[in-house]
Amino acid sequence: MGRIFLFIYQYRAFFTFLLLELFCTWLVILNNRYQGASFFNSANSFVASVNGFSQNTREYFSLRETNSMLAEENTALRKKLEQLNQLALKTDTLAGADSTVIKRFDFISAKVVNNSIDRLTNFITLNRGSEDGIKPGMAVISSAGVVGKIKITSEHFSVVTSVLNVDIMVSALMKRTGYFGTIQWDGHDPDYVKLKFIPLHVKPQVGDTIMTSGYSGVFPEGIMVGTIAKINPGRETSFHDLDVKLSQDFRKLSYATIIRSNLLNELDSLEMKVPNMQ
């Protein structure tokens, strides 16, 4: 403390001069409109810049919470959309009947805590488990498209068999033509999957949209898969060899939505009663 007082005493002339300069500047600003306006405009601009920087910093550190809120909101919107679709379908087909919405699918948002894309059998870990009602076989999607199916669960986590897994197949259709086939990864490029079992008489085009068919009862109809990127030369087969560019970039997958089909058990029970259908 003594050194501070000594420093001030040694430079007392400079500090006195500085105080007088500040006082004179204040008098000039106070008694002259132009200088006063210029000062306050500059001060306001500086304060606005500081406030803007401070706000941007706060927004940056709250991005994780914001993304989580957006994922929850997307899940809620998907659920409402599915309910509206079911209501419209029932109203069209059963005019005058009970208009109660059949809640065919439930949607549960989840965060990706682990993900692989460089193996033949890739898996994704989500922060939702049996405590949240998650069971093996449930579909998983993202805001961009199809992700995979639940393989196993623990109380708080679940492991998803990714679309980038050679052991998983998903029923899909070409939006333009209505023909359906199966998508399956060939274990090479994580941006592309194969669309199989499209007959040769169908004329696919590069850019055709590929979506889920809804036939399996696991995935709702109309979930984006990707677009046809390449039609490979014909082989000695009855089907096209089609490369589909996935709409979801699995390198950037952070949030997902788990889909619970409330009518899947009923569908499976019915089909098991028909010989050779399963």
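The values are calculated or read from the model by the stated rules, or taken from the named source; none is laboratory data. Model, not experiment: these values are computed from the prediction. Using ideal geometry, Cβ is built from the backbone for each residue, glycine included, and neighbour counts are taken over all protein chains shown.
I want to confirm something. Restricting to segment 225-242 and keeping residues that are surrounded by fewer than 20 Cβ atoms within 10 Å (Cβ to Cβ) and touching a residue at least 40 places away in the same chain (Cβ under 8 Å), which single residue is nearest to His188 (Cα to Cα)?
Restricting attention to segment 225-242, the residues satisfying the condition of being surrounded by fewer than 20 Cβ atoms within 10 Å (Cβ to Cβ) are 227, 229-239, 241.
The next check asks that each one be touching a residue at least 40 places away in the same chain (Cβ under 8 Å); those that pass are 239, 241.
Working: Phe239: 21, Asp241: 15 Å.
Restricting to residues being surrounded by fewer than 20 Cβ atoms within 10 Å (Cβ to Cβ) and touching a residue at least 40 places away in the same chain (Cβ under 8 Å), the top hit is Asp241.
How many residues, within segment 193-205, are hydrophobic (A, V, I, L, M, F, W, C) and loosely packed, with under 12 Cβ neighbours inside 10 Å?
1
If Met277 passes every condition in (1) part of a loop (DSSP other than H, G, I, E, B); (2) of a type in the set (A, V, I, L, M); (3) at pLDDT 85 or above but one, which one does it miss?
(3)
Taking Pro190, is it closer than 25 Å to Arg119 by Cα, surrounded by 15 or more Cβ atoms within 10 Å (Cβ to Cβ) and touching a helix residue (DSSP H, G or I) at 6+ places or on another chain (Cβ under 9 Å)?
It is true that Pro190 is closer than 25 Å to Arg119 by Cα, surrounded by 15 or more Cβ atoms within 10 Å (Cβ to Cβ) and touching a helix residue (DSSP H, G or I) at 6+ places or on another chain (Cβ under 9 Å).
Looking at Ser158, Ser143, can you tell me which residue is surrounded by fewer than 24 Cβ atoms within 10 Å (Cβ to Cβ), among the hydroxyl-bearing types (Ser, Thr, Tyr) and under 19 Å from the mean Cα position of the chain (by Cα)?
Just a single option satisfies the conditions, and that option is Ser143.
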